[in-house]
Amino acid sequence: MNKVMLIGNVGKEPVVRYYDHDQAVATFPLATTERGYTLPNGTQVPDRTDWHNIVLSRGLAKIVERFVHKGDKLYIEGRIHYRTYDDKNGQRHYVTEVYADNMELLTPKSFKENQQNQNPKSIENAGVDNDLPF
């Protein structure tokens with residue numbers, strides 16, 4: 001079984017490319033961090049951040065294009081894929097990617113962002129009759 005589950009932050013703006021007949025593929029780096037801790041002898045172990053190359057296709061890529069930005073927190077579920085390529089100098093490069101099958105957006109849209117676009121007084125007083133019978 002080849003299954004990966006990650007929760008992390010998008011490292012830079014996703015790149016979305018379109019291929020045959022409107023087939024989208026999105027790629028971006030995702031940073032996951034293990035928090036540091038203190039050993040019983042007092043030694044501090046620092047945070048450790050790992051970077052993962054994420055690849056999404058079809059409908060997920062189109063969702064990424066519309067809603068995912070640098071810094072967003074995501075849950076990614078998929079599988080590890082390894083590939084190699086030779087650059088123009090003949091140097092072989094090894095690439096590890098996570099091909100995502102599932103994605104959840106974990107960065108909440110701020111309630112304040114929604115409120116800034118509306119007049120709070122008009123919301124509070126909308127449809128309220130101040131002439132209460134009690």
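Read-outs throughout are calculated quantities, based only on the coordinates presented, and are distinct from any laboratory measurement. Computed from a predicted model, the values in this text were never measured in an experiment. FYI the Cβ positions are ideal-geometry reconstructions off the backbone, even for glycines, and counts take in every protein chain you see.
Site pair residue 67 and residue 92 shows an inter-label distance of 4.1 nm when each label is modelled 7 Å from Cα along Cα→Cβ. Model label sites at residue 82 and residue 47, defined 7 Å from Cα along the beta-carbon direction, differ in position by 3.0 nm.
Find the Cα radius of gyration of the stretch 4-125, compare it with 2.2 N^0.38 Å by division, and give the number to two decimals.
Values: Rg = 19.6 Å, N = 122, 2.2 N^0.38 = 13.7 Å.
Dividing the Cα radius of gyration by 2.2 N^0.38 Å gives 1.43.
Can you list which of the trypsin sites (Lys or Arg not before Pro) found in the stretch 16-54 are DSSP loop residues with at most 10 other C-beta atoms within 10 Å? Loop-located and lightly packed - 35.
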